[in-house]
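The values are calculated or read from the model by the stated rules, or taken from the named source; none is laboratory data. Here the structure is a predicted model, which means the values were calculated and not measured. Don't worry about glycine lacking a Cβ; one is built from the backbone with ideal geometry, like all the others, and counts go over all protein chains shown.
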Amino acid sequence: MLARPSRQAVTGAGKSHLLALPPELRNRIYELVLVAENALIYYYYLSLHKNIGSTVPQARQPALTRVSKELRHQALAIFYGQNTFDITLHAGLASEPEDER
């Protein structure tokens, strides 16, 4: 008979084993996982309309940042601090709705 997983394993309520490692080793793991050799390229297409305004979608962050708040803080410092980002914004004017002409 198979053992049932503990409630802690099911809910993910336990601390990450990654956080138990020494900081130097954790940072090296973050660098290997999160730092790209080339620039990270993001293209955003904005729709500008006087009644809607403009919005910029949020950049996707690595899944590793969803493990815990502490791990998120540490990982994002490496992700944003050691990567190069190439961001291009394209703005287009949406046509006005029929009733506003």
- Item | Qualifying residues in the stretch 32-57 (those that are within 14 Å of Phe85 (Cβ to Cβ), at pLDDT 75 or above and among the hydrophobic types (A, V, I, L, M, F, W, C)) - the one nearest to the chain's Cα centre (by Cα) | Leu34
- Could you please tell me which pairs satisfy a Cβ distance under 8 Å, a separation of 6+ or placement on different chains, a first residue in the stretch 20-32 that is of a type in the set (Phe, Trp, Tyr), and a second residue that is at pLDDT 95 or above? Tyr30/Gln74; Tyr30/Ala75; Tyr30/Ile78; Tyr30/Phe79
- Restricting the stretch 58-76 to residues that are of a type in the set (Gly, Ala, Ser) and either in a loop (DSSP other than H, G, I, E, B) or exposed (fewer than 13 other Cβ atoms within 10 Å of the Cβ) (or both), the residue that is modelled with the lowest pLDDT: Ala59
